[in-house]
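So the structure is just underneath, and the comments pick up after that.
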Amino acid sequence: MCPREIVVNEHKLDPILRSDRLPHIWCPGCGLGPAMACFANAIQESGIPVDEHVCVSGIGCTGRVAGYLNVDSFHTTHGRAIPFATGLKLSNPDLHVTVFSGDGDLFAIGGNHMLHAARRNVDLTVICVNNFNYGMTGGQLGPTTPYAAKTTTTPYGNPDGPLNIPHLAAALGAVFVARWTVLHVRQLQKAIAFALQKKGFTFVEVLSPCPIGFGRPNDLGDGLEEMSFYRRQSVVDDQAPLDSLEIDMSKDSTLVLGNFVDRERPVYQPMGTEPPAHRDRSVIYQPADPEVKAREAL
Amino acid sequence: MSENEEDRHVLTGRHFMNGDTACAEGAMAAGCSFFGGYPITPSTEIAERLARRLPEVGGVYIQMEDELASIASVLGASWTGARSMTATSGPGFSLMQENIGLGAITETPCVIVNVQRGGPSTGLPTLVSQADMMQARWGSHGDYPAVAYCPASCQEMFELTVLAFNTADLLRTPVLVMADEAIGHMTERVVIPDKSAIEHVARKRPHASAMDGQLPYESDGSMVPPMPRAGRGYRIHVTGLTHDERGYPATDAATHDKLVRRLAGKLTHFAPEIIKVEEVQLEDAEVVLVAYGSTSRSARHALTMLREEGLPVGMLRLITAWPFPGDRIAQLAERGCQFVVPELNLGQMALEVERNAHQSITRLNHAGGITMSPEQIAEAVRETMSCAREKSWSMSIS
Ligand SMILES: Cc1ncc(C[n+]2csc(CCOP(=O)(O)OP(=O)(O)O)c2C)c(N)n1
Ligand code: SF4
Ligand SMILES: [Mg+2]
């Protein structure tokens, strides 16, 4: 068969992407492209008018997502996406505000904001791309770098343990907590679309290859090889105990994925002149309702 | 908005209130609808007052987890079209610096109040100082426009807060109110005028609901591009990276130079409109006191005392520290005036006076913790007069 040129004149994501900014800056094999595509698809799937979506990013390779999406988008400072988004949302509750940022941005320098936005249950969706390192600055140790992993600042192996992000998000009060990889595009897109529609602080962790900063130094190979690793080693278990979700990334380790938490808590309301309504003590964690799953909502 | 709600914005009448409260009332009168803050002495009363007042008019008060979050939330709120502010003191002001730069490069109007206390570090939490004046100008990295007002009374805490919001919208940039503990905590009469008498500078908006080919960061010759708001279909991109007129990152030298020159140039362009000073008996003055904030109150007393002694003394009171009235200083220097600069720091605005006067000046400094007494200032003026003109003086008070 002789090679044929395939010309694509339009794509269904054209209205959601700033095509005049493409190609993007990401490396070959990077997982950020598919992660962004899942978000863009989820925006369409959510049924929420595109003009009501706002995307806020911090700084990092992931932080560049805001700049490629054709929605009102804010590329802020390292770690401060969540409080910036909080200001937008509280000042105009009609907006649907999503924070799209990296593991370092959201859980190291910006960790405190994650803590308090989740505690308040501000109506935001936070999507965290976890690539196990600081990609943008060239592959340094981050808060999710697995124990003993090699980075440019842990040349002898990481002495720190990684954060178990879904466990933390759930403990902080997030009303929806999921983890998928960029290989699981259908599930990821559905989880994001669900998170966008659900009121309150919703959180999705996205495992994503950074072949430059993390894959190669840790014998995971290039982007494609890390994708096969995700395929081989992933286990979907919505009911998995949250404290079992720590990630190791060693050759035979498992990656537990799923929609781990789906619950209701009163959504943050700015103070009015009347006393706030009485709140029952919040239930820390409640596995996804089997009936909801049966509806294949996710 | 109901008649009643409107009334709650502007508490028209005569009041006896402290400076921090007057500042909060200035914000209310200016139509501020978002406050994100974190308590810190001696600014806390501003937050406390707004926590009561904003809910009365449907505004948002939120106590954030720290000052990094406070300023970030204030910038975010501004992009919805709201007038937003925060208030803090030295340690919190230090934490806010990075995002003050984000506000400058993304041209996000907002107001930041710093009720100065003694520093560095935790320093003197409850006591007065004026030692953040240079930080106000240069605290965030890079070149950017800085506007800072220096209230010297509770009445000015009200008025200059209103003005700060107007200037922020005029220039599309963060504006600082650099108060000090003595002014924040003193209580005096504050007259709040009728709503109709309160000036309101509207933020410049793009014409159509969509940008219609208009670029979001295209200066329309006025140095200040119109500001779209989120959620109105503009599909804006706002970034702290150097960006072109579409708002897209463009990190090359030419774009950077052009952008930074325009941003910093706002200050020179608008300086004649923004610079505010009070001139006291300068007509025949041979010695000019340059003072601001609480220190200017002592300087005014000193001036009265010295005039009674027959000495030709005047005062140039800085209402804006930034932009600095350098031309006025130069004129006075040309006329042969000597300068005495009392301030509660080790000589910050004195540098600006010296730089513009092209001559040595008398500095009167104390690191903070106590307001300067009129007698100390008077003495510095007397010594300056009795000394040979070219001799420079530096005095410290212990
Ligand atoms: C205050 C501050 N400190 C450090 C940096 C440098 N920096 C830029 S991105 C980054 C790490 C980003 O890591 P992550 O959030 O995981 O994003 P990724 O690049 O991996 O997607 C760092 C340390 C910065 N921009 N600002
Ligand atoms: S450094 Fe890593 S995260 Fe950044 S673009 Fe390259 S592969 Fe992606
Ligand atoms: Mg990362």
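Descriptive notes on the structure:
- For segment A:23-57, a tally of residues being assigned to a loop (DSSP other than H, G, I, E, B) and under 28 Å from A:Leu220 (Cα atoms) returns 9.
- Condition broken by A:Ala191, with the remaining ones in (1) touching a helix residue (DSSP H, G or I) at 6+ places or on another chain (Cβ under 6 Å); (2) surrounded by 19 or more Cβ atoms within 10 Å (Cβ to Cβ); (3) farther than 19 Å from A:Asn133 by Cβ satisfied: (1)
- Scanning segment A:217-249 for residues being within 15 Å of ligand 3 (Cβ to nearest atom) and out of contact with any Asp or Glu (no Cβ under 7 Å at 6 or more places or on another chain) gives a total of 6.
- Residue in segment A:40-58 that is more than 16 Å from ligand 3 (Cβ to nearest atom), at pLDDT below 95, open to solvent by less than 60 Å² (accessible area, probe 1.4 Å) and of a type outside the set (Ser, Thr, Tyr) present: no
- For segment A:86-106, residues that are surrounded by fewer than 24 Cβ atoms within 10 Å (Cβ to Cβ) and within 12 Å of ligand 3 (Cβ to nearest atom) total 0.
- Residue within segment A:71-85 that is in a strand (DSSP E or B), within 17 Å of the chain's Cα centre (by Cα) and surrounded by fewer than 24 Cβ atoms within 10 Å (Cβ to Cβ) present: no
- Set B:Ser89, B:Ser94, B:Ser121, B:Ser84: member being at pLDDT 95 or above and facing chain A (nearest Cβ under 8 Å): B:Ser84
- Residue match in segment A:117-127 (condition: of a type outside the set (A, V, I, L, M), touching a Ser or Thr at 6+ places or on another chain (Cβ under 6 Å) and away from ligand 1 (no atom under 16 Å from the Cβ)): yes
- Cross-chain or 6+ apart pairs with Cβ under 6 Å, segment A:124-141 first and on the phi < 0 side of the Ramachandran plot, then in a strand (DSSP E or B) and within 9 Å of ligand 3 (Cβ to nearest atom): A:Val129/A:Gly102; A:Gln140/A:Tyr134
- Residues that are more than 14 Å from chain B (Cβ to nearest Cβ) and either closer than 24 Å to A:Phe84 by Cβ or part of a strand (DSSP E or B) (or both) within segment A:134-165 comprise A:Tyr134, A:Gly135, A:Thr137, A:Gln140, A:Gly142, A:Pro143, A:Thr144, A:Thr151, A:Thr154, A:Leu163, A:Ile165, listed in sequence order.
- Every residue from segment B:66-86 that is under 21 Å from B:Pro226 (Cβ atoms) and of a type outside the set (A, V, I, L, M, F, W, C): B:Gly76, B:Ser78, B:Thr80, B:Gly81, B:Arg83, B:Ser84
- Only listed residue being in contact (Cβ under 8 Å) with a residue 12 or more places away in the chain and within 11 Å of ligand 1 (Cβ to nearest atom), chosen from A:Gly60, A:Gly67, A:Gly47, A:Gly29: A:Gly60
- Residue list for segment B:343-352, restricted to those being farther than 16 Å from B:Val128 by Cα and out of contact with any Gly (no Cβ under 9 Å at 6 or more places or on another chain): B:Met349, B:Ala350, B:Leu351
- Extreme residue, farthest from the other protein chains (Cβ to nearest Cβ), among residues of segment B:41-56 that are open to solvent by 20 Å² or more (accessible area, probe 1.4 Å) and of a type in the set (Val, Ile, Thr): B:Thr41
- Some residue of segment A:52-59 being acidic (Asp, Glu) and closer than 30 Å to B:Met96 by Cα: yes
- For segment B:62-142, the strands (runs of 3 or more DSSP E) that sit wholly inside it and include 3 or more residues that are open to solvent by 10 Å² or more (accessible area, probe 1.4 Å) and touching a residue at least 40 places away in the same chain (Cβ under 8 Å) are B:124-128.
- Among the candidates B:Glu309, B:Glu286, B:Glu343, B:Glu278, residue that is over 15 Å from B:Ala380 (Cβ atoms) and among the charged types (D, E, K, R): B:Glu278
- For beta carbons closer than 8 Å, sequence separation of 6+ or different chains, a first residue in segment A:88-113 that is more than 10 Å from chain B (Cβ to nearest Cβ) and a second that is at pLDDT below 95 and surrounded by fewer than 24 Cβ atoms within 10 Å (Cβ to Cβ), there are no qualifying pairs.
- If you go through segment A:107-153 and keep only what is away from ligand 3 (no atom under 14 Å from the Cβ) and open to solvent by less than 10 Å² (accessible area, probe 1.4 Å), you end up with A:His113, A:Met114, A:Ala117, A:Ala118, A:Asn121, A:Val122, A:Leu124, A:Thr125, A:Val126.
- If the condition is being within 16 Å of ligand 2 (Cβ to nearest atom) and either among the hydroxyl-bearing types (Ser, Thr, Tyr) or in a helix (DSSP H, G or I) (or both), then segment A:166-186 contributes only A:Thr181.
- Residue within segment A:240-252 that is at pLDDT 95 or above, in a helix (DSSP H, G or I) and not acidic (Asp, Glu) present: yes
- Hey, A:Leu13 modelled with pLDDT under 95, open to solvent by less than 40 Å² (accessible area, probe 1.4 Å) and away from ligand 2 (no atom under 16 Å from the Cβ) or not: yes
The values are calculated or read from the model by the stated rules, or taken from the named source; none is laboratory data. None of the values given here were measured: they were computed from a predicted structure. Cβ atoms come from the backbone with ideal geometry, glycine included; neighbour counts cover every protein chain shown. In case anyone asks, the SASA skips ligands and DNA or RNA and just uses the protein heavy atoms, side chains included. Shrake-Rupley method; radii C 1.70, N 1.55, O 1.52, S 1.80 Å.
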